[in-house]
Amino acid sequence: MRQLLFSNNKLSDRTGLAPGTLTYVGEKRIQPSKLSIFSFNEQELSENSKANFDDLSSEAENSKVSWINVDGIHELDFVKKVGEIFRLHPLILEDIVNTTQRPKLEEYENGLYVVLKMISYEASEQEIDTEQISLFLGKGFVLTFQEKTADVLEPIRNRLRRSLGRLRKNKEDYLFYAILDVIIRNYFVVLEGIEDQINELEDWIYEDVSKEVIADIQSLKKALIFLRKSVLPLRELVNRVERNLENNFIQKKTLLFFRDLQDQISHSMDLIDTYRDILNNLHDLHISLNGHKMNQVMKVLTVVSTIFIPLTFIAGVYGMNFQNMPELTWENGYFFVLGIMAALAISLVFVFKKRSWL
């Protein structure tokens, strides 16, 4: 069973910097940042997977709904240029390039900013992969900023291409909801993967009480702690959207769909807490099985010692070879003592079996 992998980031890199200063905090990347654009309404769709900044400038004035996705936030000038085109606040840009952000929602004059964790599960490798994704909802557009190209948003792209469901018939606020919905629903895929690993551990733990089992339990616990930290703040995030009925960026009819997000978040939290309890029980069970195994070993050793203690005593007595020991002159004394020792050992084994000690 493979170790679950997570990013190692350093908040100390930002120590002493002024608010709004762009400093990338995250894993080192070498791939260049790139843009992709979906521009659509109910009748038309255009897709540009190799967009440039000139394309962005025209999208800012577009009457269609635009979804602009940025892959790679490690190139600060690239992110800054996108921010200038869409008039993003410097604090938003600062949060975008800091991948240690806690999930949150912030409202600005020109839009809503949301940051959360996008988590995926590779079943064949039994690995969890995570990255930060930032969303900005403005008038007529949605911006998404990702750490890397791979994501869980392909279902959204396919629905746009095939004109399936409500996406093409609604405005940017529904696209904003749909992206959040796919990200949060994918948490269940991750949780199902963790559940499969827990089931494997439950079967394995009775066969193997080695330290590897504890290592896997601790790895899964770490994954669940990370998931809990990623999911729990989303409750407040969605609550803020639902409570803000005066919001100028999300229509009232779209707010209804956020209630479903709340249900998904609550369900995810319930599963996380359930799996955490199961892992705690497995940990306790592992300790109990180890103790039971040790008791069995000690039991066998005690029985063996008990059998040989009287035999050792007899051997010790006749090993003294005093001159006046009458048995030493017996012709069959050696075989007689051996017989007594064998009979005593057999008797003890019989008693132990009768009392179910063996």
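Return yes when residue 105 is buried (at least 19 other Cβ atoms within 10 Å of the Cβ), of a type outside the set (Asp, Glu), over 24 Å from residue 43 (Cβ atoms) and over 21 Å from the mean Cα position of the chain (by Cα) and no when it is not. The answer is yes for residue 105. Whether a residue is of a type in the set (Ser, Thr, Tyr) and at pLDDT below 90 was assessed, and residue 274 does not pass this test.
Residue 282 fulfils the conditions (1) closer than 30 Å to residue 173 by Cα; (2) part of a helix (DSSP H, G or I) except for a single criterion, (1). None of 271, 256, 191 is of a type in the set (A, V, I, L, M) and either surrounded by 21 or more Cβ atoms within 10 Å (Cβ to Cβ) or in contact with a strand residue (DSSP E or B) (Cβ under 9 Å, 6 or more places away or on another chain) (or both) except 191.
In this structure, residue 337 does satisfy being in contact with an Asp or Glu (Cβ under 9 Å, 6 or more places away or on another chain), over 24 Å from residue 228 (Cα atoms), modelled with pLDDT of 80 or more and open to solvent by less than 100 Å² (accessible area, probe 1.4 Å). Report, by residue number, each residue of the stretch 49-71 that is open to solvent by less than 50 Å² (accessible area, probe 1.4 Å) and either touching a helix residue (DSSP H, G or I) at 6+ places or on another chain (Cβ under 7 Å) or of a type in the set (A, V, I, L, M, F, W, C) (or both). Result: 51, 56, 60, 65, 66, 67, 68, 70. Scanning the stretch 31-46 for residues being surrounded by fewer than 16 Cβ atoms within 10 Å (Cβ to Cβ) and under 20 Å from residue 133 (Cβ atoms) gives a total of 2. Counting only residues that are modelled with pLDDT under 90 and within 28 Å of the chain's Cα centre (by Cα), how many does the stretch 34-78 have? Qualifying residue count for the region: 0.
A residue that is open to solvent by less than 70 Å² (accessible area, probe 1.4 Å), among the charged types (D, E, K, R) and free of Cβ contacts under 8 Å to residues at least 40 places away in the same chain can be found somewhere in the stretch 229-248. Can you say whether residue 121 is under 30 Å from the mean Cα position of the chain (by Cα), closer than 25 Å to residue 232 by Cβ and crowded, with 20+ Cβ neighbours inside 10 Å, as far as the supplied structure shows? Here the answer is yes, as residue 121 does meet what is asked. Given the criteria open to solvent by less than 30 Å² (accessible area, probe 1.4 Å) and hydrophobic (A, V, I, L, M, F, W, C), does residue 153 qualify? Against the criterion (open to solvent by less than 30 Å² (accessible area, probe 1.4 Å) and hydrophobic (A, V, I, L, M, F, W, C)), residue 153 qualifies.
Take the conditions (1) of a type in the set (S, T, N, Q); (2) surrounded by 21 or more Cβ atoms within 10 Å (Cβ to Cβ); (3) more than 32 Å from the chain's Cα centre (by Cα); residue 99 misses just one of them, which is (3). Of the residues screened, residue 188 is one that is under 20 Å from the mean Cα position of the chain (by Cα), of a type in the set (A, V, I, L, M, F, W, C) and more than 24 Å from residue 25 (Cβ to Cβ).
The values are calculated or read from the model by the stated rules, or taken from the named source; none is laboratory data. Bear in mind that the values here come from a model prediction, so they are computed numbers and not experimental data. Here the Cβ is made from the backbone with ideal geometry for all residues, glycine too, and neighbour counts use every protein chain on show. Only protein heavy atoms, including side chains, enter the accessible area calculation; ligands, DNA and RNA are left aside. Shrake-Rupley method; radii C 1.70, N 1.55, O 1.52, S 1.80 Å.
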